[in-house]
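Only the coordinates and a few stated rules stand behind these numbers; no lab work does. This one's a predicted model, so the numbers in the text were calculated from it and none came from an experiment. All Cβ positions, even for glycine, are placed from backbone atoms using ideal geometry, and neighbour counts span all protein chains on display.
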Amino acid sequence: MKDRHFVIIGLVIGIIGFASFIGIIGQGNVRHVEIFWPEKVEQTVAFKELNDQVKLVGILGTSEDNNPTLIMRTNFAYVLTVENHGTQHHRLYIEGFNIQTKLLEPGQTDTITLYPDKEGIFNYYDKRERLELLGQLKSVQVVPSDSFTGFLKDMI
């Protein structure tokens, strides 16, 4: 009878130990690299002068239309590279975030990074002597879990 209890206790301890081992490994605590890639949206746009009007043209990660509606995701990095393919100085200014590129001379490039925490529609402008409205930047929540924080965010 003692041997039977010893075997049953050994099996229970073994199963609990195995489950704990799998739980620790499953949480990523023993990996040498991250298994969750931090998501970011990267887009590239360029200033151009077309028919004596300043336009922002999509190059990478967005439509190639003039003054495209740029889209970013809430709670993830948004990296916007701005190039100046025109013949004048330009500066991109994004309303609502109060962020802008440096004053770009023809041929120069600048990159800005945003971390939007709310949904909304924000105008972007060419900011030189005055603000010239070019288009819109939308911040969208892709899934409800984008708003999770703390340990819940790691479980998704």
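Can you give the alpha-carbon Rg of the stretch 40-145 over 2.2 N^0.38 Å, where N counts its residues?
On the way: Rg = 13.2 Å, N = 106, 2.2 N^0.38 = 12.9 Å.
The stretch 40-145 yields a ratio of 1.02.
Among 51-64, 79-92, 3-16, how do they line up by average Cβ neighbours within 10 Å per residue, starting with the highest? Mind dumping the intermediate values first?
On the way: 51-64: 14.4, 79-92: 18.8, 3-16: 9.6.
Top to bottom by mean Cβ count within 10 Å: 79-92, 51-64, 3-16.
Counting DSSP beta bridges with both partners in the stretch 40-145, what percentage is antiparallel, nearest 5? If you can, show how the numbers build up before the last one.
Values: 28 of 40 bridges.
Counting only bridges with both partners in the stretch 40-145, antiparallel ones make up about 70 percent.
Just need the relative contact order of the stretch 40-145 here, percent rounded to a whole number, with Cα pairs under 8 Å and 6+ apart. Working shown, then result.
Numbers: 262 pairs, mean separation 28.7, N = 106.
Reported relative contact order: 27 percent.
Checking the table 40/118; 102/127; 102/138; 48/138; 55/118 against a 18 Å threshold on Cα-Cα, which pairs fail?
Working: 40/118 16 Å; 102/127 10 Å; 102/138 22 Å; 48/138 22 Å; 55/118 27 Å.
Correct reply: 102/138; 48/138; 55/118.
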